[in-house]
Amino acid sequence: MTIVALLVDAARGRFEEPFEFTDFLAHTPRAFTLMGAQSVTSLAGLLHQGTGSVQQIWARLQTDAEELASRVPEQRRAFVNGHLVTQVAIHRHSNSLLHHSCGAVLSLGRGDRVTALGELRRAREAALDLLRTLVRGENGRWGEWYRGDVFVDAPATLRLLDELHDAVADGPWPVPDGAGFVLPSAQYDRIKAYQVGRQAGPARLVRPADERSAS
């Protein structure tokens, strides 16, 4: 959600205002205080520096994970791929997505549209790499597992990147009020509704044997 909030702020031309975000507990925007009070620009700068410093580390970890997977017995390889290789790749591409998104925010804060467009394109490639990784990580009984995600919702981030790229490239930018680019909250409502439904359901899983004995 940090990426989405930063991109929304950049679209609206908000750079020196306090950074606000939504989360699972508070659907309305609230101030970010995890690293002290931060403006949009200062937080983007911190995250850009931090994510940049570990990009090579994630790349090496992915290489090591893939090498390990190639050395384990075939019957164990799906487990290692799903629980190690896929997870490292998710973090690597997510880190790159955040890095280039912050680079775009910082560039727009300086009024540098050309550099911002390049960063947005690189962020888009990272988002696509993330989505490809998620699809590759679905196999066997976990088929289409990540496609049901509504919490992180990587496709929505990809759409937001495309919309901001078009606004910066062709205008108008900053986008006027009422032209979209608002912090989403629908995913929280959907997840909480699902949780309420689960809580109202059976206290334990009903198995076929239980159904036969009940009849």
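What's the exposure ranking of ILE90, ILE3, going from fewest to most Cβ atoms within 10 Å? It would help to have the intermediate numbers written out before the result.
Numbers: ILE90 18, ILE3 22.
Going from sparsest to densest Cβ surroundings: ILE90, ILE3.
When Lys and Arg each count +1 and Asp and Glu each count -1, what net charge do the other residues less than 12 Å away from ILE90, Cβ to Cβ, add up to? Please report the intermediate quantities before stating the final value.
Numbers: positive: ARG92, ARG132, ARG136; negative: ASP129, ASP149.
Local net charge: +1.
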> What is the order of HIS48, HIS93, fewest Cβ neighbours within 10 Å to most?
Replying inline: HIS48, HIS93
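Given 10 °C and 1.306 mPa s, how large is the Stokes-Einstein diffusion coefficient of the stretch 2-183 in µm²/s, with Rh as the Kirkwood radius over Cα pairs?
Values: Rh = 17.5 Å.
Estimated diffusion coefficient is 91 µm²/s.
At a 10 Å Cβ-Cβ cut-off, how would you order MET35, MET1, fewest neighbours first?
Numbers: MET35 11, MET1 18.
The most exposed by this proxy come first: MET35, MET1.
Quick note: the coordinates plus some simple rules give every number you see, no bench work behind them. The structure displayed is predicted, hence computed values, not measured ones. Cβ coordinates were reconstructed from backbone atoms using ideal geometry, including for glycine residues, and neighbour counts include every protein chain displayed.
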